[in-house]
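Participant: Attaching a single structure in structure tokens format; questions to follow.
The values are calculated or read from the model by the stated rules, or taken from the named source; none is laboratory data. From a predicted model like this one, the values you see are computed outputs, not experimental measurements. Methodologically, a virtual Cβ is constructed for each residue, glycine included, from the backbone with ideal geometry; neighbour enumeration extends over all protein chains shown. SASA here: full protein model, heavy atoms, side chains in, ligands and nucleic acids out. Shrake-Rupley method; radii C 1.70, N 1.55, O 1.52, S 1.80 Å.
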Amino acid sequence: MRTVPASGDRVLRVQARLTGRDRQLLDWLADHQVLTTVQIAHTLFSSLDFAQRRLLSLHRLGLVDRFRPLRPGGGSYPWHYVLAQTGAELVAASRSQPPPRRGETTDRMRRIATSRLLPHRLGVNQFFTDLAGHARTHPPARLDRWWSEQQCAAPGAFGVSLVSPVRPDGHGVFTDPGGRRVAFFLEFDTGTERLAVAAAKLTRYAAHAAKGGPAWPVLFWLPTTPRERHLHQLLDTPELPVPVATAARDSLPVGAGPADAIWLVHGGTDTPRRLADLATLGDPAPDHAPAPSR
């Protein structure tokens, strides 16, 4: 009789104990690499305590691993969660992909934990987990699509024959409680890049649209109000090849997030708009479609 490999036994045993919420988390970790306890709790759970207990269970099952960076001034950050070996095997099986080699998942965690890009990656993920958390607490709002930079770069991601020059930090489709759907590209700014470099990215978005790619709003998520003001001055023309909206994280009202009325449209009025209001600026959001191959 043919026997099932030990790794297959482990995956099959564990999958019977998973909820739909667990599977969503594992898929997100596969696509977006790392999420903190607070991000996971906000998007998927009714309380931080509930999230912590479930994450501990998933850790003991070998589905997720975790690390906790030290703060420069002392103390530590919250736990940062990544896929563990069994979790990576389960996701690979669900996507009809070959399982990762032994040790590959550990190496991946080390690269994530020690990467200089970790703050940027967490910032991008914070944007989308804020949207997902807003959708969870404001039904029937939905975050219909959350693509990573790697998914956006996949051949055919934005058109079967389109080789797109854009490399956004993320792409999403959001539906508000009233049913309005908006698709967008995200450019997450940490404040370390020269603004001229950030503004020059719009040339690629123009080329993307000229090749037949969707002209969705480009969102610049900036760290400070002065930097936001300087970006608008740098763009210096009301007519851009693609719609552009900005928001500054240091000036958000208490409790506000990316779904709320915080977006300033370049060339528009000074009245902040909600994310769903930007749907009228660009091409329509796409119908539901599977994410490109990872």
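Participant: Could you please find all residues in region 212-248 being crowded, with 20+ Cβ neighbours inside 10 Å and part of a helix (DSSP H, G or I)? Can you show your working first?
Facilitator: Within region 212-248, the subset crowded, with 20+ Cβ neighbours inside 10 Å is 213, 216-222, 228, 231, 242-248.
Once the filter is applied, which keeps residues that are crowded, with 20+ Cβ neighbours inside 10 Å and part of a helix (DSSP H, G or I), region 212-248 yields GLU228, LEU231.
Participant: Just one of ALA256, ALA183, ALA276, ALA248 is of a type in the set (A, V, I, L, M, F, W, C) and within 24 Å of LEU162 (Cβ to Cβ); which is it?
Facilitator: ALA183
Participant: Tell me, which residue of region 268-293 that is exposed (fewer than 14 other Cβ atoms within 10 Å of the Cβ) and small (Gly, Ala, Ser) is modelled with the lowest pLDDT?
Facilitator: Of everything passing the filter in region 268-293, SER293 is modelled with the lowest pLDDT.
Participant: Within region 249-280, how many residues turn out to be of a type in the set (S, T, N, Q) and not in a loop (DSSP other than H, G, I, E, B)?
Facilitator: The total comes to 2.
Participant: Just to check your reading of the model, which residue among ALA157, ALA153 is surrounded by fewer than 16 Cβ atoms within 10 Å (Cβ to Cβ), at pLDDT below 95 and within 24 Å of PRO258 (Cβ to Cβ)?
Facilitator: When all the criteria are applied, what remains is ALA153.
Participant: Open to solvent by 50 Å² or more (accessible area, probe 1.4 Å) and closer than 18 Å to LEU122 by Cα, is that true of TYR77? Walk me through how you get there before you give the answer.
Facilitator: Numbers: open to solvent by 50 Å² or more (accessible area, probe 1.4 Å): yes; closer than 18 Å to LEU122 by Cα: yes.
Here the answer is yes, as TYR77 does meet what is asked.
Participant: Further question on the same structure: Would you point out the residue of region 90-122, among those that are β-branched (Val, Ile, Thr) and more than 17 Å from LEU61 (Cβ to Cβ), that is surrounded by the fewest Cβ atoms within 10 Å (Cβ to Cβ)? If you could, list the steps in order and put the result at the bottom.
Facilitator: Quick first cut of region 90-122, residues β-branched (Val, Ile, Thr) only: 91, 105-106, 112, 114.
Still in the list and also more than 17 Å from LEU61 (Cβ to Cβ): 112, 114.
On the way: ILE112: 17, THR114: 10.
Per the stated criteria, the residue is THR114.
Participant: Select, from ARG121, ARG54, ARG95, ARG101, the only residue that is over 30 Å from THR175 (Cβ atoms) and of a type in the set (D, E, K, R).
Facilitator: ARG101
Participant: Then there is this: Is region 156-164 home to any residue that is over 23 Å from LEU202 (Cβ atoms) and either free of Cβ contacts under 8 Å to residues at least 60 places away in the same chain or touching a helix residue (DSSP H, G or I) at 6+ places or on another chain (Cβ under 8 Å) (or both)?
Facilitator: The answer is yes; a qualifying residue exists.
Participant: Please work out if LEU55 is at pLDDT 95 or above, farther than 17 Å from ARG110 by Cα, surrounded by 19 or more Cβ atoms within 10 Å (Cβ to Cβ) and not small (Gly, Ala, Ser).
Facilitator: Answer is yes for this residue.
Participant: Can you confirm whether SER57 is more than 24 Å from PRO258 (Cβ to Cβ) and outside any helix (DSSP H, G or I)?
Facilitator: When the stated conditions are applied, SER57 does not pass them.
Participant: Go through region 98-124 and give me each residue that's in contact with a strand residue (DSSP E or B) (Cβ under 6 Å, 6 or more places away or on another chain) and within 30 Å of ILE262 (Cα to Cα).
Facilitator: GLY123, VAL124
Participant: Moving on to the next point. Checking the conditions here, which among VAL64, VAL34, VAL11 is open to solvent by less than 40 Å² (accessible area, probe 1.4 Å) and over 23 Å from the mean Cα position of the chain (by Cα)?
Facilitator: VAL11
Participant: Does ARG194 satisfy the criteria of being of a type in the set (Lys, Arg) and surrounded by fewer than 18 Cβ atoms within 10 Å (Cβ to Cβ)?
Facilitator: Considered against the rule, which asks whether it is of a type in the set (Lys, Arg) and surrounded by fewer than 18 Cβ atoms within 10 Å (Cβ to Cβ), ARG194 comes out as yes.
Participant: Got at least one residue in region 82-89 being surrounded by fewer than 20 Cβ atoms within 10 Å (Cβ to Cβ) and either of a type in the set (S, T, N, Q) or out of contact with any Asp or Glu (no Cβ under 8 Å at 6 or more places or on another chain) (or both)? It would help to see each step written out before you state the result.
Facilitator: So in region 82-89, the residues surrounded by fewer than 20 Cβ atoms within 10 Å (Cβ to Cβ) come out as none.
The answer is no, given that none of the residues of region 82-89 is surrounded by fewer than 20 Cβ atoms within 10 Å (Cβ to Cβ) and either of a type in the set (S, T, N, Q) or out of contact with any Asp or Glu (no Cβ under 8 Å at 6 or more places or on another chain) (or both).
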